[in-house]
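Student: Quick one: structure below, then a few questions.
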Amino acid sequence: MLKLISILSCCIALLSSPKLIADEVLKLGMSVALSGPAKDIGQQLKQGAQLYFEYANGLPDRSHPKVSLMVLDDGYEPARTVVNTRYLIDQHKVMALFGNMGTPTAHAIQAILTHHQLPFLVPFTGADFLRFNTPYPVFNWRASYLDEANEQVRYLVDEQGHKAIALLIQADEFGLTLEKSFRQALTARGLKPKVTARFRRNSADINKALKVIMRNEVTAVAMIGTYQPLSLFIDKAMHRGFKGTFTGVSFTSSTALFAQLTSKPALMISEVVPDPSKCQAQLCALFRSLIHKQHLATSPQIFEGFLNAAIFISALDYCPRPVTQACLADAMQQVLEKDPAIRTIFGLSDTENKPRVYRSYFQ
């Protein structure tokens, strides 16, 4: 009997040890565009997340369970996101969706998330419907689209002096969300868009929108879309003699957009992460080291995926064992509020818990 008590005491001590490696594997699911005209964004988010998860899984003294990330291609099409989500839940038994890409794709799976009470973690979108009173667990750290719209209007109106501003909008929930945000930011300065033109998601057919904007004598265009149609729009506008300023949001993917341009526009993209090549925090140095070893190019989207995974792994220290779905979103919020490694990256003061908006300029 004494021997049995001794064994049990030993086991309890091991279970309470912070260095204990849990046996379970935490399964996460991710639905992003790995094909189609927005594929560069999804591929970079996937690369960044896998980069950190592989690093964390390989730590010899890790105190957290291993993480398995299953990534499925939805081509940035909501119907495919629905199919992927059902597969990830029913067949792969994921405990959360992680790093999904897009506003219309997120909008399409709300009923599924609500029914299963599945945590929706670090989605690549700044949509308001994921930030207030959601009927399922959500964790966001990236700036909202209203934050990004305010930064662009500050740049265009307050710094550059533009008043004749056009909106070029992807015609879906993504575009509608940002149109509302831009109108709100412009209204605060006594302005409204001079003209609004739209184009279809996953389409490069911007000719009609270009004609509408060019005949309205605007001096700036705030663009809402992905890199492929926006690069075409910019190059065609410049070819027709447009000499104004362009802006785009972080979802555009500045790296992919800049790479596709053949013209030399005045262009600013709002970002939700600091420049990973200049950031001095320890996680930034780790990112650069791992990127170099994997021979990957640096981009804001790869860095964002990397930070998403780093926040998730840190959050596991705030969850009891075994880790459950119920703790994940709140634990990730605690990381944002308490973890010095994460807070240093965003330059958060003692009273700040909301990361700021950054800028990239085409040069």
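Student: How many residues does the range 213-246 hold that are over 16 Å from Arg200 (Cα atoms) and of a type in the set (S, T, N, Q)?
Tutor: Counting residues in the range 213-246 that are over 16 Å from Arg200 (Cα atoms) and of a type in the set (S, T, N, Q) gives 3.
Student: Quick check on this structure: which one of Cys284, Cys327 is in contact with a Pro (Cβ under 9 Å, 6 or more places away or on another chain) and without any contact (Cβ under 8 Å) to a residue 24 or more places away in the chain?
Tutor: Being in contact with a Pro (Cβ under 9 Å, 6 or more places away or on another chain) and without any contact (Cβ under 8 Å) to a residue 24 or more places away in the chain holds for just one of Cys284, Cys327, which is Cys327.
Student: Still on this structure, I have one more. Give me a count of the residues in the range 153-201 that are outside any helix (DSSP H, G or I), among the aliphatic types (A, V, I, L, M) and in contact with a strand residue (DSSP E or B) (Cβ under 8 Å, 6 or more places away or on another chain).
Tutor: So the answer is 10.
Student: Any residue in the range 33-47 that is acidic (Asp, Glu) and farther than 22 Å from Ala326 by Cα? Step through it out loud before you land on a result.
Tutor: Step one: of the range 33-47, the residues acidic (Asp, Glu) are 40.
Filter again for farther than 22 Å from Ala326 by Cα, leaving 40.
Yes, the range 33-47 has at least one match.
Student: Collect the residues in the range 109-152 that are part of a loop (DSSP other than H, G, I, E, B), modelled with pLDDT under 95 and open to solvent by 50 Å² or more (accessible area, probe 1.4 Å), keeping them in residue-number order.
Tutor: Scanning the range 109-152 gives Arg131, Phe132, Asn133.
Student: Every residue in the range 329-363 that is open to solvent by 40 Å² or more (accessible area, probe 1.4 Å), in contact with a strand residue (DSSP E or B) (Cβ under 9 Å, 6 or more places away or on another chain) and not basic (Lys, Arg), please. I'd like the intermediate steps shown before the answer.
Tutor: Initially, the range 329-363 is screened for residues open to solvent by 40 Å² or more (accessible area, probe 1.4 Å), giving 330, 333-334, 337-338, 340-341, 344, 347, 349-354, 356, 358-359, 361-363.
Now narrow it down to the ones that are in contact with a strand residue (DSSP E or B) (Cβ under 9 Å, 6 or more places away or on another chain): 330, 333, 358-359, 361-362.
Residues satisfying the conditions are Asp330, Gln333, Tyr358, Tyr361, Phe362.
Student: Can you name the residue in the range 91-108 that is within 14 Å of the chain's Cα centre (by Cα) and on the phi > 0 side of the Ramachandran plot and is also surrounded by the most Cβ atoms within 10 Å (Cβ to Cβ) among such residues?
Tutor: Among those residues, the one meeting the criterion is Gly102.
Student: Could you check how many residues of the range 90-108 are β-branched (Val, Ile, Thr) and not in a loop (DSSP other than H, G, I, E, B)?
Tutor: Residues that pass the stated criteria total 2.
Student: Is there a residue in the range 277-299 that is touching a Lys or Arg at 6+ places or on another chain (Cβ under 7 Å) and either at pLDDT 95 or above or not in a loop (DSSP other than H, G, I, E, B) (or both)?
Tutor: no
Student: (1) more than 18 Å from Gln260 (Cβ to Cβ); (2) at pLDDT 95 or above; (3) open to solvent by 20 Å² or more (accessible area, probe 1.4 Å): which one isn't true of Phe182, the others all being true?
Tutor: Tallying (1) more than 18 Å from Gln260 (Cβ to Cβ); (2) at pLDDT 95 or above; (3) open to solvent by 20 Å² or more (accessible area, probe 1.4 Å), Phe182 fails exactly one: (3).
Student: Given the criterion closer than 13 Å to Phe139 by Cβ and under 20 Å from the mean Cα position of the chain (by Cα), identify the matching residue among Ala341, Ala315, Ala310. Explain how you work it out, then say what you get.
Tutor: Numbers: Ala341 fails: closer than 13 Å to Phe139 by Cβ; Ala310 fails: closer than 13 Å to Phe139 by Cβ.
Exactly one of Ala341, Ala315, Ala310 is closer than 13 Å to Phe139 by Cβ and under 20 Å from the mean Cα position of the chain (by Cα), namely Ala315.
Student: For the range 61-80, indicate whether the set of residues that are closer than 25 Å to Thr298 by Cβ, of a type in the set (Ser, Thr, Tyr), touching a helix residue (DSSP H, G or I) at 6+ places or on another chain (Cβ under 7 Å) and open to solvent by less than 10 Å² (accessible area, probe 1.4 Å) is non-empty.
Tutor: Looking through the range 61-80, at least one residue is closer than 25 Å to Thr298 by Cβ, of a type in the set (Ser, Thr, Tyr), touching a helix residue (DSSP H, G or I) at 6+ places or on another chain (Cβ under 7 Å) and open to solvent by less than 10 Å² (accessible area, probe 1.4 Å).
Student: Same structure again: Out of all the residues in the range 238-245, is one or more open to solvent by 10 Å² or more (accessible area, probe 1.4 Å), among the hydrophobic types (A, V, I, L, M, F, W, C) and not in a helix (DSSP H, G or I)?
Tutor: Yes, the range 238-245 contains a residue that is open to solvent by 10 Å² or more (accessible area, probe 1.4 Å), among the hydrophobic types (A, V, I, L, M, F, W, C) and not in a helix (DSSP H, G or I).
Student: Quick check on Ser253: is it touching a residue at least 40 places away in the same chain (Cβ under 8 Å) and either open to solvent by 10 Å² or more (accessible area, probe 1.4 Å) or closer than 30 Å to Met214 by Cα (or both)?
Tutor: So Ser253 fits the description; yes.
The values are calculated or read from the model by the stated rules, or taken from the named source; none is laboratory data. Quantities reported herein were computed from a predicted structural model and do not represent experimental measurements. Cβ coordinates were reconstructed from backbone atoms using ideal geometry, including for glycine residues, and neighbour counts include every protein chain displayed. When the accessible area is computed, the model is the full protein with side chains, heavy atoms only, and any ligands, DNA or RNA have been set aside. Shrake-Rupley method; radii C 1.70, N 1.55, O 1.52, S 1.80 Å.
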